[in-house]
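This report concerns only the one structure given below.
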Amino acid sequence: MRVVWFKSLSVGAWAVVGLALILSAAPALSQQQATSATTSTSDVVLTLDPAQSKVHWTVDSALHTVHGTFALKSGTLHFDPETGKAGGEIIVFATSGESGSSMRDGRMHREILETAKYPDVVFRPTQVEGKVGQSGTSDVKLSGVFSIHGADHDLTALVHAELTGDHWRGTGKFEVPYVKWGIKDPSNFLLKVKPVVNVELEMSGEIKAAK
């Protein structure tokens, strides 16, 4: 009985940290403000469809891997194909986070994430490294600012994109070093949890002309 209780407690702890890393963010500018303020006529503009996009995350430990998801609120990325200068923002609903356990998720939102206070997590791109083709597949690095729990952090994601006509889809992968960023380590003497959360953003949307 004691072993089962410790395992349940451990799973809850590192699942909570994984969700906290992705969800607890400071309020952001609106998508329209961020896009219209910096878009030039030479930019390529990619929108994200919330119904076709989702955030997946995993946290590894010595015993288990916890999986979870978040829903996308909105997203627009624009960039200059020549210079790679980028802008826009990608926003995720903090309140949508789930890991498959209603009891664990309820405590997470109420006591750990405080999603009523921090309802969004935001990534603001600043630079694309590599060439994005007008059609077909491209693999680039996308750098920007990741806002979480009231603090901003530099972050670079590996992005795989496929452009076809006026539609595109892709994935963005990155790691969140939560211990380095000041988030409490959930490890204890019974269970060691890796200090990194793996995140994959599944994306799909339209290609639009800059205004």
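Just name the residue that is least open to solvent (accessible area, probe 1.4 Å) out of those in the range 32-42 that are under 16 Å from I90 (Cβ atoms) and at pLDDT 50 or above.
T39
In the range 51-71, which residue that is touching a residue at least 60 places away in the same chain (Cβ under 8 Å) and of a type in the set (A, V, I, L, M) is surrounded by the fewest Cβ atoms within 10 Å (Cβ to Cβ)? Working first, answer last.
Step one: filter the range 51-71 for residues touching a residue at least 60 places away in the same chain (Cβ under 8 Å), giving 52-63.
Among the residues that remain, those that are also of a type in the set (A, V, I, L, M) are: 55, 59, 62-63.
Numbers: V55: 23, V59: 28, A62: 11, L63: 13.
Going through the qualifying residues, I end up with A62.
From the list G106, G75, G100, which one is in contact with a strand residue (DSSP E or B) (Cβ under 9 Å, 6 or more places away or on another chain) and either open to solvent by 10 Å² or more (accessible area, probe 1.4 Å) or assigned to a loop (DSSP other than H, G, I, E, B) (or both)? Don't jump to the end; show me each part of the working.
On the way: G106 fails: in contact with a strand residue (DSSP E or B) (Cβ under 9 Å, 6 or more places away or on another chain); G75 fails: either open to solvent by 10 Å² or more (accessible area, probe 1.4 Å) or assigned to a loop (DSSP other than H, G, I, E, B) (or both).
Going through G106, G75, G100 in turn, the sole match is G100.
Suppose the filter is modelled with pLDDT under 85 and either surrounded by fewer than 20 Cβ atoms within 10 Å (Cβ to Cβ) or touching an Asp or Glu at 6+ places or on another chain (Cβ under 6 Å) (or both); does G130 pass it? Spell out how you get there, then give the answer.
Details: modelled with pLDDT under 85: no; either surrounded by fewer than 20 Cβ atoms within 10 Å (Cβ to Cβ) or touching an Asp or Glu at 6+ places or on another chain (Cβ under 6 Å) (or both): yes.
Against the criterion (modelled with pLDDT under 85 and either surrounded by fewer than 20 Cβ atoms within 10 Å (Cβ to Cβ) or touching an Asp or Glu at 6+ places or on another chain (Cβ under 6 Å) (or both)), G130 does not qualify.
Do you know which residues across the range 155-174 are charged (D, E, K, R) and loosely packed, with under 14 Cβ neighbours inside 10 Å?
Keep residues of the range 155-174 that are charged (D, E, K, R), which gives 162, 166, 169, 173.
If the condition is that a residue be charged (D, E, K, R) and loosely packed, with under 14 Cβ neighbours inside 10 Å, then D166, K173 are the ones that fit.
Could you tell me whether S138 is modelled with pLDDT under 85 and surrounded by 14 or more Cβ atoms within 10 Å (Cβ to Cβ)? Walk me through it before giving the result.
Details: modelled with pLDDT under 85: no; surrounded by 14 or more Cβ atoms within 10 Å (Cβ to Cβ): yes.
The answer is no for S138.
Taking interchain pairs and intrachain pairs at least six residues apart, which have beta carbon atoms under 7 angstrom, with the first residue in the range 121-146 and within 15 Å of W168 (Cβ to Cβ) and the second open to solvent by 90 Å² or more (accessible area, probe 1.4 Å) and assigned to a strand (DSSP E or B)?
So the pair list comes out as S135/T164; V140/E129.
Can you tell me which residue within the range 165-206, out of those that are more than 16 Å from H56 (Cα to Cα), at pLDDT below 95 and not in a loop (DSSP other than H, G, I, E, B), is farthest from the chain's Cα centre (by Cα)?
Among those that are more than 16 Å from H56 (Cα to Cα), at pLDDT below 95 and not in a loop (DSSP other than H, G, I, E, B), it is V193.
The values are calculated or read from the model by the stated rules, or taken from the named source; none is laboratory data. The model shown is predicted, which means the values in this text are computed figures rather than measured ones. Cβ atoms come from the backbone with ideal geometry, glycine included; neighbour counts cover every protein chain shown. Side chains included, ligands, DNA and RNA excluded: accessible areas come from the protein's heavy atoms. Shrake-Rupley method; radii C 1.70, N 1.55, O 1.52, S 1.80 Å.
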